[in-house]
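Here is the structure we will look at.
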Amino acid sequence: MKQSQKWFLPMSAVVLLCSCGFTVTNERPTYDELDPEEKDAIATVLAELNAFNGQVKARTEFNIDSVVDRNRIHVSFEGLIFSANLGDNTIHVATWENLRPAQKLLVQQWFAASTADETKEKYEKFFYQFMAVSQGAKQYAYEVLTPKWVLARRSIFNFERDSIRAALSHYVAEDRQNEMWGFLSTTCKPVLDQYGAQYSQNFNKKYLQAHLPELIHSDNPTGYMYFICGWIENGKADWVNLTAELEWIADLPNTDT
Amino acid sequence: MRNCLYILVFLLDAGLAHAIDEPGIDDSFFDEPGMVISKSETGSATEPEPDLYRVRLELGFGYASLLADPLVGEGFGGALHLGVRIHSRVEIEAAVFAGANSYEGLISAAAPYFLAANVSLGTSVHLLPLSSRFFLTLDVGSGAYMVFSPLDGVVWNWVIHGGLSLGFRFTSWMGVGVKCRYHLFNLAGPGFRDLNSLTLVGVIDRLEMPAYLAFYF
């Protein structure tokens, strides 16, 4: 065999492997590829975000148009109880149908619901409506301050706290305070009662920062759910009108947060 | 034919040699100029023995790429390699490489870099004549790969790699070179989720090309 022919096979293998397209990021399915339940979830989230965007436009010079788009609502992932806005112009919301059976049972335990249907109804209202608006409030902060500034200068504790408080103020502005605040009180009470002994002493910025991976673990994010309900309870006591809430965010670079 | 006979006699033991060491035959005949037999294993009778080091330590820095990933840009990393020669052409090598690749697009807001490092053990085989100052080795190895995932924290998985190293030894104790190594990682392990789709990532490939400074002992 010629010298050049000896190298042909291994080099070909290298070239083939290099062109195989192994990637550390995966593509998201398009809207048309989603399941009907996922599309319904997007419709609910979009309705809430549209309403919040209207409030933002009416009160400030900013908007959250970048995420009020069905292609920017990411619902296709499975096996995660997750609601987030990572500064990537995307609202990530886990749908009920994409949760594992063990996760659905966990949510039922959180809400002290009697049946799976009752749990599903509460889950969808909590995450597709209220938490989606809080993610919209984060998007407002990203639009005003930039994701880089927010992620570098704000703690997760304060950022979540303020976005949840802004969401509470939004429902007051929408004349839906009784409906949503009442729902949140009913839904969060069993969470706070069941897990208060474990987490109430640790409901602070330092504990959250130090234990974030275990608090948001996909198998059991109960700790983070407690924190969410804690922010909701505190937000009802500390709320201000939505205009003040939105203007305060724009003033953040001038304060130590 | 006569020369072969003389060499055969030369190799006999003292007793037998004594039997032919009779007056008139001078043993020094066999040591006359031009009849030098080298006992070197690796070189020809006229070439000096190659200076084979026992231990190689390399410090490297260079290019790292995740190749086909559209959302991860090119990056750089640092390397440390320790080789121990176990045979004239074969070394056992321990390697460490840590690198950072920048995320691109919207997900870069969530995390600026994809951070990863590997610790592996492998074999290097010299392909060029050992007397040459140039090195060309075929390297293969396997080990552990560490990925820092913003969602899952530090995740360890299994890696295999292969490639070539090209070097030049300009003194007996120092040299330079460049490596080209292709890695396949996340072959086994707990898995981690990507930032774009929040789904579990499959097998990942990575090409590293560090230039290195080598020390030989």
Count - residues of the stretch A:170-191 that are surrounded by 15 or more Cβ atoms within 10 Å (Cβ to Cβ) and within 20 Å of the chain's Cα centre (by Cα): 9
Single unsatisfied condition, A:L151 versus (1) open to solvent by 40 Å² or more (accessible area, probe 1.4 Å); (2) aliphatic (A, V, I, L, M); (3) free of Cβ contacts under 8 Å to residues at least 24 places away in the same chain: (3)
For A:K138: the one exception among (1) in contact with a helix residue (DSSP H, G or I) (Cβ under 6 Å, 6 or more places away or on another chain); (2) open to solvent by 30 Å² or more (accessible area, probe 1.4 Å): (2)
Unique match (being farther than 19 Å from A:Y224 by Cα and either of a type outside the set (A, V, I, L, M, F, W, C) or modelled with pLDDT under 95 (or both)) among A:T119, A:T115: A:T115
Any chance A:A167 is within 14 Å of chain B (Cβ to nearest Cβ), modelled with pLDDT of 95 or more and open to solvent by less than 10 Å² (accessible area, probe 1.4 Å): no
Residue among A:D175, A:D162, A:D219 that alone is out of contact with any strand residue (DSSP E or B) (no Cβ under 7 Å at 6 or more places or on another chain), outside any helix (DSSP H, G or I) and closer than 23 Å to A:A47 by Cα: A:D175
A:P213 within 16 Å of the chain's Cα centre (by Cα) and loosely packed, with under 14 Cβ neighbours inside 10 Å: yes
Sole residue being more than 14 Å from every other protein chain (Cβ to nearest Cβ) and either in contact with a strand residue (DSSP E or B) (Cβ under 7 Å, 6 or more places away or on another chain) or under 17 Å from A:A47 (Cβ atoms) (or both), chosen from A:F126, A:F62: A:F126
Residue that is modelled with the lowest pLDDT, among those in the stretch A:30-43 that are loosely packed, with under 14 Cβ neighbours inside 10 Å and within 14 Å of chain B (Cβ to nearest Cβ): A:T30
All positions within the stretch A:64-83 that are in contact with a helix residue (DSSP H, G or I) (Cβ under 7 Å, 6 or more places away or on another chain), among the hydrophobic types (A, V, I, L, M, F, W, C) and under 23 Å from B:G191 (Cα atoms): A:V75, A:F77, A:I81
Residue match in the stretch A:243-256 (condition: among the aromatic types (F, W, Y) and over 30 Å from B:Y113 (Cβ atoms)): yes
Qualifying position, being more than 14 Å from the chain's Cα centre (by Cα) and touching a residue at least 40 places away in the same chain (Cβ under 8 Å), among B:L198, B:L130: B:L198
Matching residues in the stretch B:133-156 - criterion: being touching a residue at least 24 places away in the same chain (Cβ under 8 Å) and over 16 Å from B:L121 (Cβ atoms): B:R133, B:F134, B:F135, B:L136, B:V147, B:F148, B:S149, B:P150, B:L151, B:D152, B:V155
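The values are calculated or read from the model by the stated rules, or taken from the named source; none is laboratory data. What you see is a predicted model; the values in this text were computed from it and never measured. Glycine also receives a Cβ, built like all others from the backbone with ideal geometry; neighbour counts cover every protein chain displayed. Just so you know, the surface numbers come from the protein's heavy atoms only, side chains and all, with ligands and any DNA or RNA stripped out. Shrake-Rupley method; radii C 1.70, N 1.55, O 1.52, S 1.80 Å.
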